[in-house]
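Notes to accompany the following structure.
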Amino acid sequence: MTTRMRKPMAYVLALLLAVLPAVPARAQPTAEESCAGTPPTLEHTDLSASRRPVVLVHGWAGERMTETATILQEKLGSRVSTFTFDYGPWSLHWASNEHIAPCLAIYITKVAKAHKDVRGDGKVVVVAHSMGGLALRYAMSWIPAGTVLEVITLGTPHLGSPWGGPDVAPLYEKALTLLGKEKPPDASGGHCLAWHEKGAPLLGDCGPLPPYLPAGVTVTQVAGDITVDRSLFGFTMYSLPLSTDGIVPVTSAHGYATSGDGGASPPGRATVRSRTQPCRADFAKLHETAALATFAPTVAFDYLTMQDLQRGSQTPTVMGLAFAAMFIASCGHKKQLADPKTTDQIVEVIKAMPPPFIDTSEVRFDGIGEFTLALTATDLRARGYVNKGNQYQGQNAACVRYAREGQPLGFSVESASGRVLAISNSAGVKALHTQVGNIRVNSTLSELRTAFAGHQIEEHLDHDFGQGSNGVIVNGPNGAIAFSLADAPSADYVSGRAAITYLNGVGLRGHAPTSAEDGC
Amino acid sequence: MTRRTLVVTFTVVLVVIGAAVVFLLRGSGEVTDAATSSSTTAPPSTSVPPPLTKEQATAIAANLTSGSEERLRQAIAISPQQALDPAVAGQLASISSMEFDIATFRVEGDGTARMTARTNGSAAAVWTVALVAVDGQWRISWTEAAP
């Protein structure tokens, strides 16, 4: 470039630099805009406020993690509700693809909302296998802060895999497209899973590295670690630690902290913990599988593999051995999904978490705590509540009372329909407080009137609230809340100084429990 | 065998062969270096020797149960650099009798061989024994309790 040309170029550059900051930054498209095809839907739900939602995300070339979900559900019981995100048809695509990360973000957000809808705290645990862990990292930018509480990665190749890259994995991908998987672009999952050290960029067409997770998230990275035992007549001659689950080396499965931009997780981000699940594979079984797979003459396989393993080199024979081990060893990359010990690692992490926060004292128009007026007699029986009948007609009455030993709330149920008409504070719990305005025992009538301004307030101030008492019923859009008032001079009711002595409960309109009626 | 199983098996074989070819043909990088360095201790000749004789089988059994690591190494196919568990020679010596059934000896298509063995003492069982040819001699590669 000549000096004469350099000067105008410098002006152009200066102009560009001056203009660029003035151009507004393009906002990131929403997950809905980015998720290609039909947004994922939730498949079930036994979700309740006290169950922690656990979203399972499969990996490259994988399928829905139903087996792991079943195991977790069996081991954790009513502690969790599992949801399995499936991007099976596109599972050969890279984790950041429009069919994967943004759709996963939508899915997790929907699960969180479903939990909030049943009065849960809306916080989610994610268990991600293999590339699923990287998909989650890309998805997090679309997920509202505070939604994901804990991430458990299982064999996630944070630093890639020796099998990834342009050479081997695409061959496998081509074969899988014959089985119905969507044909991946050039930057396929297998291609982008190439080994990359400590902050080095992904292959050219794979986009940015998976972002680090934000503060408030705990990442537990679980790695399978196979050791091969060679024995003669039942006696161990030696053991060879492979330091891999057959596909993902332990260093990669534990490599989260150095896997993003700059090669080090910035301070103030997610807390990281590492766990290793060791397992052993018998050389005799492994040997045949590996020899078959590689067609390597057995003796050459023995000699070369032993020497390479001792050097820590990822040679074809070592990779063949590791690959074969994956099918045999319980902590191998595929088998770990149903391995009792590996799934126990997940269970331990979830058990150590605090249970979902439920404000059992919150009174709303449609319920108290986790109980809503939408419940039925069947739901109550499932929770251990029994039909106590009513005082005059017993259990065959048109409206009966359901209660459970040691539980403070009682339910008035219409026998014919089984619907709950009212939830009453039978035990006189003083900690109850309204969601609107935080009205509680000792709040004044004036405070109640202010809190519920705009709602229809029925004031029973003429000793007509039952048993000669006074009280108030506030009617809301989907139910009514009843309060008892202290006996006071009429001037105190007028001025609003009279105090609330008791929150009676909630009921459908016309069924709010008073001092005389339980809502029937 | 379903179409899916066939395709997956074919793919696994294809992938591993591909991996081997790719890594062996690469002109640079750690893998090639390692592969080259592997050849510094060249694997022994793998030409298939004649079937095992009764005398050879007896000699192998004697070496295995000798209690000597040096003699044990003469009976098994193992890299010279691979250390053995110090206890294994003594443990094998605790086998009171080891008999190879020569009648069951057969050479497999890949140049390896199989036969059965019966042991008494601390490891009493019937075993499948795999042998490989090392410099014209049959040596034991692995053993597995017979089903």
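A few remarks follow.
- Residue order for A:CYS192, A:CYS520 - accessible surface, 1.4 angstrom probe, largest first: A:CYS520, A:CYS192
- Between A:ASP186 and B:ALA83, the FRET efficiency estimated from the beta carbon spacing at R0 = 41 angstrom works out to 0.35.
- Look at the alpha carbon pairs under 8 Å that are at least 6 residues apart: their mean separation over the length of chain A gives a relative contact order of 10 percent.
- Of all beta bridges that DSSP places with both ends in the protein assembly as shown, some 65 percent have antiparallel geometry.
- Gyration tensor (alpha-carbon) shape descriptor, the stretch A:436-520, a/c threshold 1.5: oblate
- Cα gyration tensor shape of the stretch B:54-145, rounded if a/c is under 1.5, else prolate or oblate by comparing a/b with b/c: oblate
- Of all DSSP-defined beta bridges confined to the stretch A:362-507, some 95% are antiparallel rather than parallel.
- Computed from the Cβ-Cβ distance with R0 of 45 Å, the FRET efficiency linking A:SER361 to A:ALA200 stands at 0.25.
- Label-point gap, in nm, between A:ALA382 and A:ALA416 - each point 7 angstrom along Cα→Cβ: 2.5 nm
- Between the stretch A:231-278 and the stretch B:72-95, the alpha-carbon center distance in angstrom: 30 Å
- For the stretch A:362-507, the pair-distance distribution built from all alpha carbon pairs, in bins 5 Å wide starting at 0, is 2, 10, 19, 21, 18, 14, 9, 5, 2, 0 percent.
- Among A:THR434, A:GLY133, A:PRO89 the positive-end extreme of the charge dipole of chain A (Cβ point charges): A:GLY133
- Charge sum, other residues only, whose C-beta stays under 15 Å from A:SER274's C-beta, Lys/Arg counted +1 and Asp/Glu -1: -2
- A Förster distance of 30 Å, applied to the separation of the beta-carbon atoms of A:LYS430 and A:ALA491, puts the FRET efficiency at 0.70.
- Restricting the trypsin sites (Lys or Arg not before Pro) of the stretch A:419-504 to loop positions (DSSP other than H, G, I, E, B) with no more than 15 neighbouring Cβ atoms within 10 Å leaves A:LYS430, A:ARG497.
- With the simple spin-label model, which puts each label point 7 Å out from Cα in the Cβ direction, the B:THR53 to A:ASP464 separation comes to 11.9 nm.
- Rg/Rh (Cα only; Kirkwood hydrodynamic radius) as it applies to the protein assembly as shown: 1.16
- Computed from label points 7 Å out along Cα-Cβ, the spacing between A:LEU179 and A:GLU32 is 3.6 nm.
- Rounded to 10°, Cα long-axis angle of helix A:66-76 versus longest principal axis of chain A: 50 degrees
- Taking all protein chains as shown and a probe of 1.4 angstrom, A:ILE106 keeps an accessible surface of around 10 Å².
- Ranking A:GLY62, A:GLY519, A:ALA397 by how far each Cα lies toward the positive end of the dipole of chain A (charges on Cβ) leaves A:GLY62 at the top.
- Counted by Cβ distance under 11 Å from A:PRO102, the other residues give a net charge of -3, where Lys and Arg count +1 and Asp and Glu count -1.
- Taking the Cα centre of the protein assembly as shown as reference, the dipole from Cβ charges on Lys and Arg (+1) and Asp and Glu (-1) amounts to some 640 debye.
- Filtered GluC sites (Glu not before Pro), the stretch A:382-453: DSSP coil and at most 16 other beta carbons within 10 Å: A:GLU405
- Charge dipole (Cα centre; +1 on Lys/Arg Cβ, -1 on Asp/Glu Cβ; no other charges) of the stretch A:362-507 amounts to roughly 460 debye.
The values are calculated or read from the model by the stated rules, or taken from the named source; none is laboratory data. Every value quoted in this text rests on a predicted model; they were computed, and no experiment measured them. Don't worry about glycine lacking a Cβ; one is built from the backbone with ideal geometry, like all the others, and counts go over all protein chains shown. Ligands, DNA and RNA are excluded from the accessible area calculation, which covers all protein heavy atoms including side chains. Shrake-Rupley method; radii C 1.70, N 1.55, O 1.52, S 1.80 Å.
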